[in-house]
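The values are calculated or read from the model by the stated rules, or taken from the named source; none is laboratory data. Quick caveat: nothing in here was measured; it's all calculated off a predicted structure. We place every Cβ from the backbone using ideal geometry, glycine too, and count neighbours over all the protein chains shown.
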Amino acid sequence: MAFNALAQAESPVSPKLSIAPIPFLDLKAQFAEIGGELLDAVSRVFESQQFILGPEVDAFEREIAGYMGVAFAIGCASGSDALLLAQMAVGIGPEDEVITSPFTFGATAGSIARLKARPVFVDIHPDTFNFDERQLEAAITSRSRAILPVHLFGLPANMDAVLEIARKHGLAVIEDAAQAIGARWKEMRIGSLGTCGCFSFFPSKNLGGAGDGGMITTNDPQLAHRLRTLRVHGARKKYRYELLGINSRIDALQAAILRVKLRYLDNWTDGRRRNAEAYRQLFAEHDLTDQLTLPRAPVGSFHVYNQFSIRARRRDELQEYLRRWGIPTEVYYPSPLHLEPAFANLGYRSGDFPNAEAACREVLALPIYPELTLDQQRRAVGTIARFYQSEAWK
């Protein structure tokens, strides 16, 4: 039986079955748990009428710095701006090269290109989705100025190798930790190892606000001072512009909300990790090793599972089948950056990074949020098993 015919025959869209869809991310469940505290925090800001920087932002920056084990944390308007500001602060400019991954969100390479620098890609490990550190040195040229590792989906890159190569060649290390708050490499928090770390508080992140927000972490006092200047138009004193900066400040409202949520972050991380282990056990009950590959966390890494991305044969058909059964999924990412039109000027071609290109054809993210129930996970895994055991697969 063809896949479309099977999907129509088995689809539960009939009102008689009325199977409730599983949310891909259930922020309403999170709000139900801590909504009172969040509203109190918002009210506190409105009562103060201090919306830009101020005591809420100062307190949040101190709390994040303490959580990360770093000397300084500088809030900004978004994770994208965190990447941009970090590179501005270390002096990335026209004709410079920054080495990073082609398998990531567009802001990673976009922040490099915005400074008229050149993103230089290296291929990824097929099992971790992070860039292959063994290819870094071959990508270094006389124009290389920084390495930008992406801790993708919440899994740390191999920071021992990255830092060793960076020291050898005198390169800055800017950690793209947008998806990895709370992750650890060899017991060190991600964002505390490189020259600076860049975080996003987009609502879907493990620590998500009620809008955009970002943070840069560093142990370098001069870099921290420069970052604080760059985020306010390059002015240390009002109307005195010492640097060419931008307007990128985290709102006091977001800081107040995130201060509440930070207290719950480790518990939420435990929930995500527990759900990841439950997926592994559930998939082990079905013999799907020929059809699926589950995410892997190498020894020394502490994965926080912003996403639980499997690799699946016939990914697109599986995704449609799951959709019909009320199982939401997402594809992160459908195309590698070196093949995106915005980066066509770099001159890369199809086949240049085969592991990244293959991942884009196969990855499928399943729900992994802390409030996800075991019954919901059983339903998701059982539906996946049914797809591969059906005529749709044969």
Single residue of A41, A82 found to be assigned to a helix (DSSP H, G or I), within 25 Å of the chain's Cα centre (by Cα) and either surrounded by fewer than 20 Cβ atoms within 10 Å (Cβ to Cβ) or at pLDDT 95 or above (or both):
A82
Kindly indicate whether E362 is surrounded by 16 or more Cβ atoms within 10 Å (Cβ to Cβ) and within 30 Å of V122 (Cβ to Cβ).
yes
Out of A284, A312, report the one residue that is in contact with a strand residue (DSSP E or B) (Cβ under 7 Å, 6 or more places away or on another chain) and either of a type outside the set (V, I, T) or surrounded by fewer than 20 Cβ atoms within 10 Å (Cβ to Cβ) (or both).
A312
Need pairs with beta-carbon distance below 7 Å; first residue small (G, A, S) and within region 278-293, second surrounded by fewer than 16 Cβ atoms within 10 Å (Cβ to Cβ); sequence gap 6+ or separate chains.
A278/L374
Residue among R272, R228 that alone is buried (at least 18 other Cβ atoms within 10 Å of the Cβ), touching a residue at least 24 places away in the same chain (Cβ under 8 Å), in contact with a strand residue (DSSP E or B) (Cβ under 7 Å, 6 or more places away or on another chain) and charged (D, E, K, R)
R228
All-but-one check, G194 against (1) part of a loop (DSSP other than H, G, I, E, B); (2) surrounded by fewer than 24 Cβ atoms within 10 Å (Cβ to Cβ); (3) of a type outside the set (A, V, I, L, M, F, W, C), failing number (2)
If a residue has to be hydrophobic (A, V, I, L, M, F, W, C) and part of a loop (DSSP other than H, G, I, E, B) to count, how many in region 107-129 make the cut?
4
Looking at T104, T141, which one is closer than 24 Å to R361 by Cα and not in a strand (DSSP E or B)?
T104
Scan region 181-191 and give yes if some residue there is of a type outside the set (G, A, S), in a helix (DSSP H, G or I) and assigned by TED's automatic domain parsing to the domain that holds A161, otherwise no.
no
Any residue in region 251-273 that is basic (K, R), over 22 Å from V42 (Cα atoms) and under 19 Å from the mean Cα position of the chain (by Cα)?
yes
Quick check on R184: is it closer than 16 Å to I64 by Cα, in contact with a Phe, Trp or Tyr (Cβ under 7 Å, 6 or more places away or on another chain) and surrounded by fewer than 24 Cβ atoms within 10 Å (Cβ to Cβ)?
yes
Scanning region 210-223 residue by residue, those in contact (Cβ under 8 Å) with a residue 12 or more places away in the chain, surrounded by fewer than 22 Cβ atoms within 10 Å (Cβ to Cβ) and not charged (D, E, K, R) turn out to be A210, G211, N219, P221, L223
Which ones in region 343-390 are in a loop (DSSP other than H, G, I, E, B) and in contact with an Asp or Glu (Cβ under 6 Å, 6 or more places away or on another chain)?
F353, Y369, E371
Within region 322-342, the residues that are part of a loop (DSSP other than H, G, I, E, B) and of a type in the set (A, V, I, L, M, F, W, C) are W325, I327, V331
Could you please tell me which pairs satisfy a Cβ distance under 6 Å, a separation of 6+ or placement on different chains, a first residue in region 370-383 that is in the same structural domain as R323 (by TED's automatic domain parsing), and a second residue that is assigned to a loop (DSSP other than H, G, I, E, B)?
E371/D26; Q376/I22; A380/I327; T383/W325; T383/I327
Against the definition (under 30 Å from A139 (Cα atoms), acidic (D, E) and in contact (Cβ under 8 Å) with a residue 12 or more places away in the chain), how does E317 come out, yes or no?
no
